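Single-structure report; data block below.
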C-alpha cells in the first residue's frame, strides 16, 4: 500500500498515454572546484560525478546525478557508469516512466547496493515525469510541501582560524547565515581553538562541526567536553560509521547534540542511531538510494523526534542540488539546515545555477527538478 503522502504519484495515471523510455545514457563528468576541500581521509580538487540522461519516445528528457563517493557509499565514478550502462539502463528501455510504475523493485533485484546509481536513475525518471506533466518534483511526492525556501550552510575548513573567520565574513556578506566547521583533519587542539575563535567571531550565527568519522573516542570526548561553551548546534559523525557503542558513550556524556551522516544508509540505521543517543541525521539521496526512500526517512525522523540535515555531497551540480532542495522542501523537521554543494564548483552544467538570494535558495518552480541542463556544458566536462 502506498504511503498517504505518495498518493499524489498516482492521481493522474488513468488518462495519460504511456511515457515510454527509449534511451538511458550514463555520462561521467569531472568539474573543477573553486578551491580544494580537505576532509578526514580525503582532499577533493574536482567533482567526479555521474549524470544520467533519460529520454522518452516523445523527445522529453530527464536528468539525474550521483557523485562518486568511495568513502561513503563505495561508489566510484567507473562503478557508477558500469552500474547504469550494464545493469540498470537496459532494463528501463521500453518501460513506462510515469511514477506510478515504480521500477525500484526490478532495479534492486538486478543490482544490489550501488545506492548512488539507483538514486541517479530515480532522480532522472522523476525529472522526466515532472517535465512531461508540467509538475514540480516536490508536488509528485507530496500535496503539502513543508516549505518553499531553504537556507544553506557554508563549510569552513581552512588551515587557520583567521582564514576561517575571513571566509565566514565574506560568505556572510553574500547571504550565508549558517556555518559548518570541518574537524578531524588538524590536530585536536587546533580544532578546539578554531571552534572557539569562529564562535567568538560569529557570536549569533548557527554553527556546527563535522568530523566525517575522523575522531577517536577519546578525541571526540575531549572535543565535546572542551567545546561545550561554544554552543554548537550539533557535532556530526565524530566516530566511525559502525561505532554505535562509541556513539552511546559519547551521547551519555555530553549536552551537545550528536548527528549522524556516514552511519545512515537505511531506515533501520536511523532507528539504530536514535537508540544509541543521536539527536539528528543527515539525509543524502546517494546513501538512501533515491528520493522516495529519503522522503520516507524524513517521515521516520519526524516520528522519532530526530532533527534533519539535508545534504548533497561535495560537489554536486545544480542537478543534484535541485533534488536536495526538493527533498528539503518536502521533508518535515529540517531543523539542522541544508548543504547545497554546487556553490563549491567553478563551473556548472545547467543554464542557470541555483542562486542564493537574501540568505535562501528558492524551491525551483519549473517542472521536474526545475533546472535546465546545458548539454554543451555536459559535453565539455564529459570524461572521455
Fill in: Qualifying positions in region 351-366 - in contact with a strand residue (DSSP E or B) (Cβ under 9 Å, 6 or more places away or on another chain), surrounded by fewer than 16 Cβ atoms within 10 Å (Cβ to Cβ) and free of Cβ contacts under 8 Å to residues at least 40 places away in the same chain
351, 355
Response to the item:
Among the residues of region 307-332, the number that are part of a loop (DSSP other than H, G, I, E, B), over 10 Å from the mean Cα position of the chain (by Cα) and surrounded by fewer than 24 Cβ atoms within 10 Å (Cβ to Cβ) is 1
Discussion item. So, in region 202-218, exactly how many residues are in contact with a helix residue (DSSP H, G or I) (Cβ under 8 Å, 6 or more places away or on another chain) and either surrounded by 18 or more Cβ atoms within 10 Å (Cβ to Cβ) or within 23 Å of residue 314 (Cβ to Cβ) (or both)?
Written reply: 6
Discussion item. Take residue 286 and tell me if it is in a strand (DSSP E or B) and in the same structural domain as residue 246 (by TED's automatic domain parsing).
Written reply: no
Worksheet, complete the sentence: Within region 145-166, the residues that are buried (at least 17 other Cβ atoms within 10 Å of the Cβ) and free of Cβ contacts under 8 Å to residues at least 12 places away in the same chain are 158
Discussion item. Considering only region 99-120, I want to know if a residue exists there that is within 21 Å of the chain's Cα centre (by Cα), within 24 Å of residue 357 (Cβ to Cβ) and either surrounded by 16 or more Cβ atoms within 10 Å (Cβ to Cβ) or touching a residue at least 12 places away in the same chain (Cβ under 8 Å) (or both).
Written reply: no
Fill in: Those residues of region 170-197 which are in contact (Cβ under 8 Å) with a residue 40 or more places away in the chain and surrounded by 22 or more Cβ atoms within 10 Å (Cβ to Cβ), in sequence order
180, 182, 183, 184
Item to complete: Could you list all residues from region 5-51 that are at pLDDT below 80, closer than 17 Å to residue 130 by Cβ and out of contact with any helix residue (DSSP H, G or I) (no Cβ under 9 Å at 6 or more places or on another chain)?
Response: 7, 10, 11, 13
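Residues are listed down the side, and each one gets a yes or a no for (1) crowded, with 22+ Cβ neighbours inside 10 Å; (2) farther than 27 Å from residue 68 by Cβ; (3) assigned by TED's automatic domain parsing to the domain that holds residue 322:
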| position | (1), (2), (3) |
| --- | --- |
| 220 | yes, yes, yes |
| 236 | yes, no, yes |
| 263 | yes, no, yes |
| 275 | no, yes, yes |
Item to complete: Answer yes if at least one residue in region 234-247 is in a strand (DSSP E or B) and under 12 Å from residue 306 (Cβ atoms), and no otherwise.
Response: no
Fill in: Qualifying residue in region 216-229 (condition: in contact (Cβ under 8 Å) with a residue 24 or more places away in the chain, under 24 Å from residue 44 (Cβ atoms) and not in a helix (DSSP H, G or I))
no
Worksheet entry | Failed item in (1) surrounded by fewer than 19 Cβ atoms within 10 Å (Cβ to Cβ); (2) touching a strand residue (DSSP E or B) at 6+ places or on another chain (Cβ under 6 Å); (3) in a helix (DSSP H, G or I), with residue 271 passing the rest | (2)
Worksheet, complete the sentence: Residue hits (region 335-350; in a loop (DSSP other than H, G, I, E, B) and either crowded, with 21+ Cβ neighbours inside 10 Å or in contact (Cβ under 8 Å) with a residue 60 or more places away in the chain (or both)) are 336, 337, 340, 341, 346, 347, 348, 349
Discussion item. Is it the case, given these coordinates, that residue 84 is modelled with pLDDT under 95, surrounded by 18 or more Cβ atoms within 10 Å (Cβ to Cβ) and touching a strand residue (DSSP E or B) at 6+ places or on another chain (Cβ under 9 Å)?
Written reply: no
Worksheet item: Restricting attention to region 150-162, and to residues there that are at pLDDT 95 or above and in contact with a strand residue (DSSP E or B) (Cβ under 6 Å, 6 or more places away or on another chain), which single residue is nearest to residue 194 (Cα to Cα)?
Response: 156
Worksheet item: Inside region 78-193, counting only helices (runs of 4 or more DSSP H) that do not spill past its ends, which hold 2 or more residues that are over 30 Å from residue 58 (Cβ atoms)?
Response: 161-174
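The values are calculated or read from the model by the stated rules, or taken from the named source; none is laboratory data. Source: prediction; values computed, not measured. With ideal geometry, Cβ positions are generated from the backbone for all residues, glycine too; neighbour counts draw on all protein chains shown.
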